[in-house]
Amino acid sequence: MSEQLKIKLTIANRVYPLTIAPDQEASLRESAKKIEATIQQLEKNYAVRDKQDVLAMCSLQYAAQLEKIKNHDNSTTSESDEKVKELIDLIDLHMTIY
């Protein structure tokens with residue numbers, strides 16, 4: 001059985017105890033910091049007092065960022081696939097000539 005680590009993360013004034021793999025700790029702690037910073041920014045910029053609303057807005061921001069990255073990766077992959085296909089076609093053309 002692999003080693004597990006017990007940590008506590010605080011998000012929106014709530015403590016979340018987690019049992020994780022040790023290699024996840026740094027990214028989870030950094031993610032919690034980013035969420036806290038986003039919450040503070042949203043509370044500062046908008047008149048939102050309910051933590052549920054702030055967390056929903058925060059989640060929406062991160063989901064939109066993830067979707068944008070996913071769409072960019074898909075379009076980059078499609079462009080790369082097309083270029084590879086063109087190169088294969090070019091090689092095939094030259095191979096049939098010789």
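FYI, it's all coordinate maths here, none of it is from the lab. Just so it is clear, the model here is predicted, and its values are computed rather than measured. Neighbour counts are summed over all protein chains in view; Cβ atoms, including those assigned to glycine, are modelled from backbone coordinates with ideal geometry.
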All aspartates and glutamates inside 19 Å of residue 68 as judged from Cα atoms, apart from same-chain residues fewer than 8 positions distant
79
Suppose R0 equals 35 Å; then what is the FRET efficiency for residue 10 and residue 82 from their Cβ-Cβ distance, rounded to the nearest 0.05?
0.15
Cα-Cα pairs above 16 Å in the chain: how many percent?
72
Rg [Å, one decimal], Dmax [Å, integer] - segment 16-73, C-alpha atoms
13.6, 38
Output the relative contact order of the chain, whole-number percent, from Cα pairs under 8 angstrom with separation of 6+ residues.
16
Mind checking which lysines have their Cα closer than 21 Å to the Cα of residue 33? Skip sequence neighbours fewer than 8 apart in that chain.
6, 8, 44, 51
